[in-house]
Structure formats: structure tokens, C-alpha cells
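Written below as C-alpha cells is the structure these notes are about.
The numbers here are math on the coordinates, done by the rules we state, and not lab data. Being a predicted model, the structure only gives us computed values, none of them experimental. Cβ: placed from backbone, ideal geometry, glycine included. Neighbour counts: every protein chain shown.
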Amino acid sequence: MKFALAQINSTTAVADNLEKVRTFARSAAEAGARFIVFPEATMSAFGSGLRTIAEDNVETWRDALTELSAELDITVIVGEFATTADKVINLLAVYTPSGERSDYAKIHLYDAFGFKESDTVEAGEEPAVIDIDGEDIGLALCYDIRFPKLFAELSRRGARLAVVAASWGAGPGKVEQWELLARARALDSNMFIAALGQADPEVSGVDVPKKGPTGVGHSLVSDPFGSVLTSLDGAEHLEIVDLDLAGADKAAEAVPVLTNAKLGY
């Protein structure tokens with residue numbers, strides 16, 4: 001399965017973010033990718049006024065992504081936001097060439113390292129597996145990567161690949177944690193993991209909000225045995241990946257961790 005990872009930095013300027021999505025999606029389609037993944041918070045970077053930004057832009061954003069997917073004949077998986085009565089919902093949305101849209105609402109909110117996402121974001125409840133060209137693919141967002149049971153559930157629902165879109169917070173050891181967690185989730189779920197984050201604004205030079213998680217880059221793809229197949233640095237980059245997902249079946253046969261699991265795992 002050929003797909004693309006778009007490691008970008010978004011800002012709070014939705015129109016600019018949309019143009020960047022168009023540019024990267026067009027390049028991915030030209031390279032023959034069947035889908036492209038953009039980071040968490042692609043619609044708008046985390047920062048003050050996020051609810052107002054989501055309210056003001058959600059309809060035009062969704063219309064534009066629906067048109068883009070159909071025009072390029074590529075599925076677009078992208079981080080965006082919607083609103084409730086008093087909060088926002090952190091979504092990983094899927095736009096297909098046929099005009100269908102679905103989404104996954106982030107289950108595990110980032111209440112860690114001094115940041116409290118739950119103050120302004122409403123948590124989701126249901127894991128999500130989507131179908132692209134007959135292949136089941138699991139969806140996850142950022143802090144979800146710290147919770148093995150979610151990935152076990154995605155695998156049990158038939159996914160051989162899970163994509164994790166993130167806007168990973170910077171700090172001492174955070175890149176190492178990100179890389180380790182991606183490989184660990186591959187190992188303990190018998191899946192390929194494509195862990196795609198916002199680029200590092202210190203490297204890309206993009207002017208992002210000063211507070212909140214704004215990305216560290218270092219996106220990677222791990223096979224089900226924990227081997228890194230593709231890894232990026234901190235800069236903005238489009239990476240084309242081509243996987244034989246049968247490798248997940250071989251891993252499940254060799255090390256059947258989900259079959260052997262106890263204690264509700």
C-alpha cells in the first residue's frame with residue numbers, strides 16, 4: 001500500500017494551512033499515493049481562540065477538503081476541529097474521493113507535562129478503523145500513542161496499519177519518547193505504525209503559537225517487529241511510503257501477543 005506522510009507545521013491562519021494541504025496532497029497524488037496523512041491540528045495550530053477558529057472555518061474547511069480529495073483521487077486524513085456547546089472536539093478526519101467524510105474523535109486528552117487539553121476539548125469514546133482500497137486502517141491522535149489497549153483494539157478490529165497524527169509537545173526526552181512509543185505500539189499490537197507529527201518549528205522556521213504542543217518532527221514508520229522503516233528529521237517534508245501489509249500477518253503468527261494476552265489486554 002502506497003501512502004504519503006506530510007510532516008508540516010500549521011499556524012492559526014486556516015487559509016494558509018489549507019493551501020499547504022493542497023500543495024502536499026497534489027504532490028502525493030502525483031507520486032501515486034492512495035492516501036495522505038496530515039498531522040493533528042492541521043486546520044489550526046493549538047493556541048488561544050481555537051474554538052472561535054473552529055466555529056468560523058469548519059464548513060469552508062470541510063467543503064474544500066471534500067473537493068480536494070475528489071479532484072486528486074486521493075484520500076486525505078487530516079487533523080481538524082469541531083465544536084460543542086462549550087468545547088472543541090479534536091478530530092482526525094477522513095475525506096475520500098467519493099465524497100464521503102468520517103472522523104475519529106481523540107479519546108485520550110493531553111493532560112500531561114503542564115498542559116490540560118481537557119479544559120477546552122471534549123474527549124471521544126469510540127476507536128475508529130477505516131477502509132481504504134479494501135484495507136482496514138486504524139486511527140489515533142497524539143497522546144493516544146501512550147495507551148497500548150487502544151492499539152490492541154484497532155488490531156483486533158482488523159487493522160494491519162495504524163496512523164497516529166500528532167502535534168507532539170517539545171521538551172527534554174520528548175523526541176525519544178515519541179520514537180520509542182511508536183515502535184512499542186507496533187510491537188504490542190502486531191501492526192505497522194505510521195507516526196506522523198507536526199514539524200519542529202525551530203527547524204522549519206514557521207511562526208507558530210508560543211504556548212501549547214507545536215511539534216517536534218521525527219515522524220516514522222515502524223514495522224510490527226519494531227524496526228524503523230522510515231524516519232524524518234525536524235523539517236517540513238513529504239514522505240512517500242510503500243508497505244506490504246502482509247508483514248503484520250507474519251508478526252502475528254510469529255509473536256501472537258494479542259492471542260496470548262491476559263488481564264483484559
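Values for this structure:
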item: Ranked by how many other beta carbons lie within 10 Å on average, peptides 132-143, 227-238, 1-12, 21-32 from highest; result: 1-12, 132-143, 21-32, 227-238
item: Positive minus negative residues near T23 (Lys, Arg vs Asp, Glu; Cβ under 12 Å); result: -1
item: Cα coordinate range in the chain, projected on the principal axes (Å, largest first); result: 49, 42, 36
item: Straight-distance crosslink candidates among lysines, where the alpha carbon sits under 20 Å from K116 and sequence neighbours closer than 8 are dropped; result: K87, K106, K174, K210, K211
item: Ranked by how many other beta carbons lie within 10 Å on average, peptides 79-85, 204-210 from highest; result: 79-85, 204-210
item: Lysines whose Cα lies under 29 Å from that of K250, excluding same-chain neighbours fewer than 8 positions away; result: K2, K149, K262
item: Nonlocal amide H pairs with A128, under 5 Å, H built at 1.01 Å; result: L139
item: Peptide ranges 40-47, 104-111 listed from the most packed, as the mean C-beta count within 10 angstrom indicates; result: 40-47, 104-111
